[in-house]
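Okay, structure first, notes after.
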Amino acid sequence: MFIRSRPIRWILVTSAASLIGIPFASPAQAASHKAPFDCGKTFFANNWSPGHNPSGSIDWQSTATDAINGENVRATAGGTARFHDAGSTSYGKWVEITHSDGTRTRYAHMSSMVRAAGQSMSVSQGTKIGVVGSTGGASGPHLHYEQRTTSGAMDTSPTVDGVTVSLGQRKAVTSSNTCGGSNPYTPEEVCGSGYSVIDSAALGTNTSAKSPLSRHCVFQSQLSPQPPATSKGCRLVRFNLANW
Ligand SMILES: [Zn+2]
């Protein structure tokens with residue numbers, strides 16, 4: 001997975017707001033959804049049209065750098081999760097979360113769930129509810145995801161992590177879910193151009209001696225030499241693969 005034949009410069013980018021004391025923004029809406037994956041994971045959101053049932057659903061699929069099969073599935077917003085199993089048909093193993101404002105989200109085709117079918121549990125944004133798979137009518141590993149209104153109607157232009165994916169669109173979305181909670185900035189907002197997200201899986205809760213900071217994402221610099229901190233206060237720390 002990693003290319004070891006040439007030096008790779010790794011940069012640790014911390015949450016700017018946590019370092020320089022920018023006041024955290026209040027959530028814009030009651031049901032503001034983050035992507036249903038671990039912090040920093042990037043996957044394609046496909047809003048197939050026509051031909052997707054129900055229309056307006058999102059199929060999350062792998063990108064070239066992050067394979068989606070076996071990934072943790074996380075609540076995109078808090079609420080009450082109910083667990084279901086349609087067997088080898090339809091959604092397969094699936095979860096519906098009813099959020100505090102009455103809107104709902106659905107997550108389908110999971111290989112496993114954190115509760116048995118028929119059970120329910122209270123979830124926060126980021127709570128793990130299952131694992132990506134290909135159960136039910138899925139032809140390959142992906143996560144089928146829906147946002148529904150209080151009446152149960154489909155929102156055919158769902159927004160996750162600030163990215164709206166309308167009918168017929170396919171967009172790459174980087175998850176900020178479980179990145180630490182209160183930082184209102186995405187890595188792209190903090191670091192601007194000149195960086196590309198590689199992978200920050202499982203680093204959102206890393207409080208090891210490698211860093212005293214608990215909120216960070218790993219980037220590979222596209223610039224040489226290493227660029228200075230941005231005006232938004234990125235703290236850049238050099239690592240090599242051996243450190244990880
Ligand atoms: Zn689907």
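Values in this text are rule-based calculations from the coordinates and carry no lab data. Predicted, not measured: the structure shown is a model, and the values here were computed from it. Every residue, glycine among them, receives a Cβ derived from its backbone with ideal geometry; neighbour counts consider all protein chains shown.
A few comments on the model shown:
- Here region 42-174 is treated with +1 on each Lys and Arg Cβ and -1 on each Asp and Glu Cβ, and its dipole about the Cα centre works out to around 160 debye.
- Between GLN119 and SER151, the contour length at 0.36 nm per residue exceeds the alpha carbon distance by 9.3 nm.
- Percent breakdown of C-alpha pair distances by 10 Å bin, ordered from the shortest bin, for region 42-174: 14, 47, 36, 3
- Environment charge at THR149 (Cβ cut-off 14 Å; Lys +1, Arg +1, Asp -1, Glu -1): -1
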